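One structure is given here, and the rest of the page talks about it.
Every number here is computed from the coordinates shown, using simple stated rules; none is lab data. Being a predicted model, the structure only gives us computed values, none of them experimental. So basically every Cβ, Gly included, is an ideal-geometry build from the backbone, and we count neighbours across all protein chains shown.
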């Protein structure tokens, strides 16, 4: 059964990595409306250090942190996060999840089902949905409607030459690349504005780069180029919409701590009212379903274009009837 929130909800943190240390812990420690109830990590010494720096206590036993908390925020690799989120929900804790919720549909579905069964609130921290400039822009463009095309590219340089990013040591990011790390950001904008994804085409580019072409329920189409391996000189995150309202560009945003504080507020609001947040665990499941479909299509490999010396008959027979788009159920 979901825990009832008091005047000052107790929120704990699972995770001690760079993302937890730079975003989650400062936001929780500085939030005036909550009690930062503690930190648990897979490395007890790291949990102790982060808790000490944040003015709270460390827990060696994650179940003890669940017992001492009304809600928990998770800053863990996705496939470590998912089973712990299930345990938190079953303990009655509301959950503030990181994106992606999991990198398997089964894992993300288990989280969504556990949240629903326990009656707890859930929020997936998609930064652009909670950062003030971008969140307001998304609401405005959703209200405007009439969008025809979307164009996005998120060119991270995590693995670019000379990168010194602390996130480059993340094994799951190294394995899954930009599709799974920055893909949720782009989808978190496209889905509310253009509608659910109904069809997808995906091909691989250099290194971890993926190029996606999406058809949306509104009839609009969109593209996304996603990578963590761009040269630092070329790094950029941009998204543009085109439609009857003209052209609209996603505004810049500054940092994630404030956005995470807004996600905390959203979780508390959902827990108090019983109304699901738009970025809840079900939304996180949908992101995983779309990214899984894209990954599968890209893994199949792009259709090879015959060389210029090939005969017209050969060229026609090589491409005849080939369809690399995939419907998304």
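Here are a few things to note about the model shown:
- Region 119-138 and region 81-97 have Cα centres separated by 19 Å.
- Applying 0.36 nm per residue to the separation of residue 289 and residue 242 and subtracting their alpha-carbon distance, the gain on full extension is 14.3 nm.
- Rounded tilt (10° steps) of 257-273 against the dominant C-alpha axis of the chain: 70
- Pairwise centroid distance, computed over Cα atoms, of region 1-41 with region 208-236, Å: 33
- Against the main long axis of the alpha-carbon atoms of the chain, helix 105-118 sits at an angle near 40°.
- Length gained when the stretch residue 207-residue 299 is fully extended (0.36 nm per residue, less Cα-Cα span): 31.8 nm
- Taking other C-beta atoms within 10 angstrom as a stand-in for reagent exposure, 8, 176 fall in the order 8, 176, fewest first.
- Between the Cα long axis of helix 183-194 and the first principal axis of the chain there is an angle of about 80°, rounded to the nearest 10.
- If you sort the three axes of the alpha carbon gyration tensor as a ≥ b ≥ c, you get a/c of 1.5 or more for region 55-188 and a/b no higher than b/c, which makes it oblate.
- R0 of 22 Å, Cβ-Cβ distance residue 166-residue 45: FRET efficiency to nearest 0.05: 0.80
- Matching label, volume of the Cα convex hull per residue in Å³ computed from the structure shown, candidates (i) 144; (ii) 126; (iii) 215: (i)
- Rounded, prolate or oblate (a/c below 1.5 giving rounded, otherwise prolate when a/b exceeds b/c) for region 161-285 by Cα gyration tensor: oblate
- Exposure proxy ranking, count of Cβ atoms within 10 Å, fewest first, for 98, 280, 79: 79, 280, 98
- By the count of other C-beta atoms within 10 Å, a proxy for reagent exposure, 138, 11 are ordered fewest to most as 138, 11.
- Length added when fully stretched, residue 199-residue 233, from 0.36 nm per residue minus Cα-Cα: 8.9 nm
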